[in-house]
Amino acid sequence: MGDSSDADRIDAAASDLRAADAAVALTGAGVSAPSGVPPFRGEEGIWSEYDPDAFDVWRFRREPAAFWADWLDLRADLLDADLEPNPAYDALADLSAAGHLDALVTQNIDGLHGAAADALADRGDAASDALGESDRIIELHGNARRAVCRNCGWATSADDARERAASGDLPPNCEVCGGALKPDAVLFGEQLPRDALATARELAADSDLFLVAGSSLTVEPAASLPAEAADGGATLVVVNLDETPLDARADYVFREDVTEVLPALREAVGE
Ligand SMILES: [Zn+2]
């Protein structure tokens, strides 16, 4: 972010964002990493420590109690109790509240977009009420902060499920029908939530600016969303430490830290 050409590009991207009628952001592991959420892949990733096969939907169905015992371990590593949104999340929440971003689509399951929106609301920003509507935050892979009943759809907080599991209720059961609760994150072998996926596709196709933040765009369907947006003529902005397959099609590429670029972009957009 040091040199003037970066500042110029931030200003130009901010100007496009301000002028956009339908701006959508897609976020991935790169925005959660600065909050201390470990990645799933890579040498230091979750899957280097845990066996992915222990967390697929077939094991959940076969032996939900053992699944939950392992899930509680993984979840403790994934979502530290003190987990908080970082400046990249705050900048995106602020852009949404100010009306410059119409929707946030995320590959992350840590619920940090919701936490950032809540933090903004707590500070008394009335405009942030709009972000409280669930359709503004589209969670492609679910949310590990919730648990949901597979039979009837009853949902509770993951903390509640964890407390019950810790006191011997394994698997934790639905209060309505007694069915086994499942973490509301998409497991291996499960389909992505159909509504979320359809909404994300529609938003991408209808957008005139699409901002990728902290995603290497290698996992479907996230990989194809910016391509669909670009096909429809949207301005494409990519902020990611590593190269992505969409860089060549992007109007702006910032191969830099999201916690620096996004607050700078937010500031340059103005009110
Ligand atoms: Zn139920």
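The values are calculated or read from the model by the stated rules, or taken from the named source; none is laboratory data. No experiment lies behind these values; they were computed from the predicted model shown. Here the Cβ is made from the backbone with ideal geometry for all residues, glycine too, and neighbour counts use every protein chain on show. Ligands, DNA and RNA are stripped out before the accessible areas are found, and what is left, the full protein with its side chains, is counted by its heavy atoms. Shrake-Rupley method; radii C 1.70, N 1.55, O 1.52, S 1.80 Å.
Side notes on the structure shown:
- Principal axis box of segment 117-271, alpha-carbon based, largest edge first, Å: 52, 40, 27
- Projecting the Cα atoms of Ala200, Thr106, Phe188 onto the dipole axis of segment 68-226, where Lys and Arg carry +1 and Asp and Glu carry -1 at the beta carbon, places Phe188 farthest toward the positive end.
- Over all other residues within a Cβ to Cβ distance under 12 Å of Thr27, the charged ones net out to -2, with Lys and Arg as +1 and Asp and Glu as -1.
- Solvent-free Debye scattering, log10 I(q)/I(0), computed from the Cα coordinates of segment 220-271 at q = 0.30 Å⁻¹: -1.14
- Square roots of five times the Cα gyration tensor eigenvalues for segment 1-63, Å: 40, 18, 7
- Zero-based 5 Å bins, Cα pair distances in the chain, whole percents: 1, 6, 12, 17, 18, 16, 12, 8, 5, 3, 1, 0, 0
- The largest accessible area among Asp80, Asp184 belongs to the first residue in Asp80, Asp184, and the rest follow in falling order (1.4 Å probe, all chains).
- Cα-based Rg and Dmax for segment 24-140, where Dmax is the largest Cα-Cα distance (Å): 16.1, 47
- Here the alpha carbons of segment 76-196 define both size measures, Rg and Dmax, at 15.6, 47 Å.
- Cα long-axis angle, helix 258-269 against the chain (0 to 90 degrees, to the nearest 10): 50
- Surface composition of the chain: carbon and sulfur make up 45 percent of the accessible area, probe 1.4 Å.
- 23 Å tail of the calculated P(r), segment 182-271, as % of Cα pairs: 31
- The calculated Kirkwood hydrodynamic radius for segment 140-200 is 12.0 Å, given to one decimal from all distinct C-alpha pairs.
- Restricting attention to the chain, close to 30% of DSSP beta bridges with both partner residues there are antiparallel.
- Considering only segment 94-208, percent of DSSP beta bridges that pair antiparallel, nearest 5: 75
- Heavy-atom accessible area order for Val176, Val105, largest first, 1.4 Å probe: Val176, Val105
- Among Pro64, Pro52, Pro87, residue whose mean-square fluctuation peaks in a GNM of the chain (springs only between Cα atoms under 10 Å): Pro52
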